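The values are calculated or read from the model by the stated rules, or taken from the named source; none is laboratory data. For clarity, every value in this text was computed on a predicted model and none was experimentally measured. Neighbour counts run over all protein chains shown; Cβ positions are idealised from the backbone, glycine included. Side chains are part of the model used for accessible areas, which takes the heavy atoms of the whole protein and leaves out ligands, DNA and RNA. Shrake-Rupley method; radii C 1.70, N 1.55, O 1.52, S 1.80 Å.
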Amino acid sequence: MNKISSAQHDIVFDSLSSGELMNYLKKLPSVDKVFVLTDDNTSKLCLPKFLSAHPSFNSFLVLEFEYGEENKTIETCKHIWQALLEMGATRNSV
């Protein structure tokens, strides 16, 4: 597993198995909700396979935005942040 660390956050990436991902999430202190951010193409093509990989993944909350470079904007970020607030994201959310 590869990790990029900052003072407050870790970014973990690798071809983890579903069990490894769940073990990693269980080690994090006080995780209250897990969010999956995806574009609509990835949502159609990959998300069902990802969510079916482990029973606990069905409790993950999905945020979807439109694909394309034109949607990688501050305005899209504002919509994502608003959706996170409306879905009850906290500082303990992943």
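From Cys46, Cys77, which residue is more than 19 Å from Leu21 (Cα to Cα) and either of a type outside the set (Val, Ile, Thr) or touching a residue at least 24 places away in the same chain (Cβ under 8 Å) (or both)? Before the answer, list the steps.
Details: Cys46 fails: more than 19 Å from Leu21 (Cα to Cα).
From the options Cys46, Cys77, the qualifying one is Cys77.
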- Task: Could you tell me whether any residue of segment 20-37 is touching a helix residue (DSSP H, G or I) at 6+ places or on another chain (Cβ under 8 Å), open to solvent by 90 Å² or more (accessible area, probe 1.4 Å), modelled with pLDDT of 85 or more and not in a strand (DSSP E or B)?
- Result: no
- Residue in segment 58-68 that is within 16 Å of the chain's Cα centre (by Cα) and part of a helix (DSSP H, G or I) present: yes
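Go through segment 80-94 and give me each residue that's open to solvent by 100 Å² or more (accessible area, probe 1.4 Å) and modelled with pLDDT of 95 or more.
The answer is Trp81, Leu85, Glu86.
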